[in-house]
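To start, the structure under review is shown below, and the notes come after it.
The values are calculated or read from the model by the stated rules, or taken from the named source; none is laboratory data. Remember, predicted model here, so these are calculated numbers, not experimental data. Heads up, the Cβs are rebuilt from the backbone with ideal geometry, glycines too, and the neighbour counts pull from every protein chain shown.
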Amino acid sequence: MSEQLMQYRVSDLYMRYSETLSDLDIVSWPEFFTDDCMYRVISRPNYERGRLISAMFAESKGALRDRVAAIQETMVYSARSLAHMVSGARVVSIDGAELRTRSSLVVYQTLVDGITQLQLVGRTFDVVDARSSDLKFKERLVVFDTELLAGALVYPV
């Protein structure tokens, strides 16, 4: 497959992922990942210090589904909407059927009784499985720029 076509497919994966989160379609969110995935949302200071303390962490698609169930059934939080925006998604390297990719992202949230706030700004460092026609994240590392987030991180990024 040409590099140009692979880049298009990666950009499409990131756009569909972003739309799914912005639409709060969290039931579909785990389907963007392989069964044996790793998902981590970590502050830039922790990332740069090599500390694995994360705001959100999962070691499998099953753990992602557990997060969805918690959001839908057990967590107590204020109603909100999200605007999840990604840019600069690109393939950094290709190793067989694994693509190393990265992107920049911004997430805004609007509480039902409030104004829109910037929730986080960051970068992603991902490994994408390209063995099938549907690209899937094998590893997704979201590094947000600050020590603290503006409000609770309820939904994935």
Checklist outcome for this item: By residue number, the members of the stretch 42-62 that are without any contact (Cβ under 8 Å) to a residue 12 or more places away in the chain and either aliphatic (A, V, I, L, M) or under 19 Å from Leu149 (Cβ atoms) (or both) are Asn46, Glu48, Arg49, Arg51, Ile53
Next on the checklist: Condition check: out of contact with any helix residue (DSSP H, G or I) (no Cβ under 9 Å at 6 or more places or on another chain), surrounded by fewer than 16 Cβ atoms within 10 Å (Cβ to Cβ) and at pLDDT 90 or above. Does Ala69 satisfy that?
Outcome noted: yes
Checklist outcome for this item: Of the conditions (1) assigned to a strand (DSSP E or B); (2) in contact with a strand residue (DSSP E or B) (Cβ under 7 Å, 6 or more places away or on another chain), the single one that Glu147 does not satisfy is (1)
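Within the stretch 79-99, can you find the residues that are in a strand (DSSP E or B) and either in contact with a Gly (Cβ under 6 Å, 6 or more places away or on another chain) or among the aliphatic types (A, V, I, L, M) (or both)? First the steps, then the outcome.
The first filter runs over the stretch 79-99 and keeps only residues in a strand (DSSP E or B), leaving 80-95, 98-99.
Once the filter is applied, which keeps residues that are in a strand (DSSP E or B) and either in contact with a Gly (Cβ under 6 Å, 6 or more places away or on another chain) or among the aliphatic types (A, V, I, L, M) (or both), the stretch 79-99 yields Leu82, Ala83, Met85, Val86, Ala89, Val91, Val92, Ile94, Leu99.
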Checklist entry - So Leu111 clears everything in (1) more than 19 Å from Asp36 (Cβ to Cβ); (2) free of Cβ contacts under 8 Å to residues at least 40 places away in the same chain except one condition, right? Which one? => result (2)
